[in-house]
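The values are calculated or read from the model by the stated rules, or taken from the named source; none is laboratory data. Here the structure is a predicted model, which means the values were calculated and not measured. Neighbour counts are summed over all protein chains in view; Cβ atoms, including those assigned to glycine, are modelled from backbone coordinates with ideal geometry. Each accessible area value is taken on the protein alone, full model and side chains, heavy atoms only, with ligands, DNA and RNA left out. Shrake-Rupley method; radii C 1.70, N 1.55, O 1.52, S 1.80 Å.
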Amino acid sequence: MHNYYQPEIETAPREKIIEIQNEKIVKQVRYVYNNVPYYKKLMDKQGVSPDDIKSIDDIKKLPFLTKDDLREAYPYGLLGTDLKNCVRIQSTSGTTGRRVVAFYTQHDIDLWEECCARAIVAAGGTNEDVCQISYGYGLFTGGPGLNGGSHKVGCLTLPMSSGNTDRQIQFMMDLKATILCCTPSYAAYIAESLAERGYKPEDNHLKAGIFGAEPWTEEMRKSIEKNLGIKAYDIYGLTETSGPGVSFECEEQSGMHINEDHFYAEIINPNTGEVLPDGSKGELVFTSLDKQGFPLLRYRTRDICILTREKCSCGRTHVKMCKPMGRSDDMLIIRGVNVFPSQIETVLLNDGYAANYQIIVDRVNNTDTLDVNVEITPEMLSDTTMGISEREAQLVSDLKAMLGIKAKVHIVEPKTIARSEGKAVRVIDKRKI
Ligand code: ADP
Ligand code: ZN
């Protein structure tokens, strides 16, 4: 049996979704044009007026917004309504520079929380669940978004926020949490901490995890699922569009359904801005179809992704996006070769390591260097058939096969790489410092 939070819209026929989008985009463009002088200027410059937008296909005529626009317009330049109509701000985690501040009306909060509720129900959540939310609360959108979604579903909500892992574990066990929401790196840390305290995967009451806010690989999913004894679902979002819940995974666990009644997604060629057909890899662009406080049109996320509209066995009809393959600005160019941190994670986990690693890039004598530090696992320590230098050589060779370039590998003692309670810092690029 399939469960949906809002079945009519989540399983609506494609024609119905397009009809909704057609209707909303016409209204929304007019709303933004009339209320956001910053964007009106961009439209005027491009020679496009609200009258030119008659259906969702016309969206191609609109100018893009970039993170630079958001910085330039900080703090009120992209506000869509009077501050007196807004009830909340949230802010980005500042992973890639100056923070962005987003504004929400009560209507915006309601629709955001509904999107999160859809994600929780898709992961099997009902009002009988105990939902432990270990994303940070505060300016970061993770905690507040899932908190609101959990209320809407009627779960008993544990607003833990991140950190204080002892208390996380105590509440998880004492209150029999059944759903865990946090970053995948924090989930891995919680799993490790449970094991250290002698708990086996079957000792906890968790059945599902809703993990997102940072890139994670399929290998990491398998490892978390095994170590916590759960199904791990991906969830995606960004402050600029509202927060988590822009898209979420269903039981198929093969890509995230985008809440298309609220967010219109496009994939573009990041160099030319050309819109690419479904199935192509490119930069993800979002348009909020009905937000009031911070109504961004054609916002370039810099996340690299693929969209598919193949039929999904869960019955949902909304377009799916693959796991973002890192941000375009996450991509490292090392000795001229494009390297994504996720490729390195895949090799490490396939070779039996845990996701406790750090990537250090530097430039020595005008040549880029790539160093990968990874912790040995306790099991490997007790296995004497392979020495450290052999293990390092194996990783060097497997990384070379994946990346096409040579990395220096350092296997380090357990517990020497800092654990993350929020978004993990995996890469230190000293060339930028
Ligand atoms: P910041 O840009 O400072 O990290 P946010 O907290 O708004 O600000 O984070 C949004 C970004 O986090 C997205 O653009 C994306 O790069 C990343 N992200 C969010 N969810 C996921 C996910 N499930 N998988 C991969 N990356 C994700
Ligand atoms: Zn599905």
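Of the cross-linked pairs LYS67/LYS408; LYS67/LYS400; LYS226/LYS423; LYS61/LYS291, which ones have a Cα-Cα span greater than 23 Å in the structure shown? Check vs 23 Å cut-off fails for LYS67/LYS408; LYS67/LYS400. Take the Cα of LYS226, step 7 Å along the line toward its Cβ, and report every residue of segment 378-394 whose backbone nitrogen sits under 16 Å from that point. Zone members listed by number: 378-383. Percent of accessible area on the chain owned by carbon and sulfur, 1.4 Å probe? The value for the chain is 51 percent carbon and sulfur by accessible area. Would you mind telling me which residue in LYS415, LYS60, LYS40 has the biggest mean-square fluctuation in a Gaussian network model of the chain, where springs connect alpha carbons within a distance under 10 angstrom? Result: LYS415 has the largest fluctuation of those listed.
Report, to the nearest 10°, how far helix 388-403 tilts away from the longest principal axis of the Cα atoms in the chain, using its own Cα long axis and a range of 0 to 90°. In the chain, helix 388-403 runs at an angle near 30 degrees to the longest axis. Note on the chain: helix-only mean residue ellipticity at 222 nm, from DSSP H runs of 4+ residues weighted -39500 (n - 2.57) and normalised by residue number, equals -9500 deg cm²/dmol. For the set LYS320, LYS176, LYS231, LYS406, solvent exposure ranked by accessible area (probe 1.4 Å, protein chains only) runs largest to smallest as LYS406, LYS176, LYS231, LYS320. Per the chain: cysteines with no other Cys C-beta under 4.7 angstrom? Unpaired cysteines in the chain: CYS86, CYS115, CYS116, CYS181, CYS182, CYS305, CYS312, CYS322. Shown in residue order for segment 167-182 are the 3J(HN,Hα) couplings computed by the Karplus curve 6.51 cos²θ - 1.76 cosθ + 1.60 at θ = phi - 60°: 5, 4, 6, 4, 5, 4, 7, 5, 9, 6, 4, 10, 10, 10, 10, 6 Hz (x for Gly and Pro). For segment 259-332, the gyration tensor built on C-alpha atoms gives an oblate shape. Its axis ratio a/c (a ≥ b ≥ c) is at least 1.5, and a/b is not larger than b/c. Just checking the listed ones, ARG167, ARG302, ARG419: in the Gaussian network model of the chain with Cα springs under 10 Å, the one fluctuating most is ARG167. One quarter of the convex hull surface built on the alpha carbon atoms of the chain amounts to 21.7 nm², the projected area averaged over directions. Peptides 25-33, 117-125, 180-188 ordered by packing proxy, namely the average of other Cβ atoms within 10 Å per residue, highest first: 180-188, 117-125, 25-33. Summed over the residues of the chain and divided among them, the accessible surface reaches 43 Å² per residue at a probe radius of 1.4 Å. A 1.4 Å probe, protein heavy atoms only, puts the accessible area of TYR74 near 100 Å². 3J(HN,Hα) along segment 110-127: 4, 6, 4, 5, 5, 4, 5, 5, 4, 5, 5, 5, 5, 8, x, x, 9, 6 Hz, from the Karplus curve 6.51 cos²θ - 1.76 cosθ + 1.60 with θ = phi - 60°, whole Hz, x for Gly and Pro.
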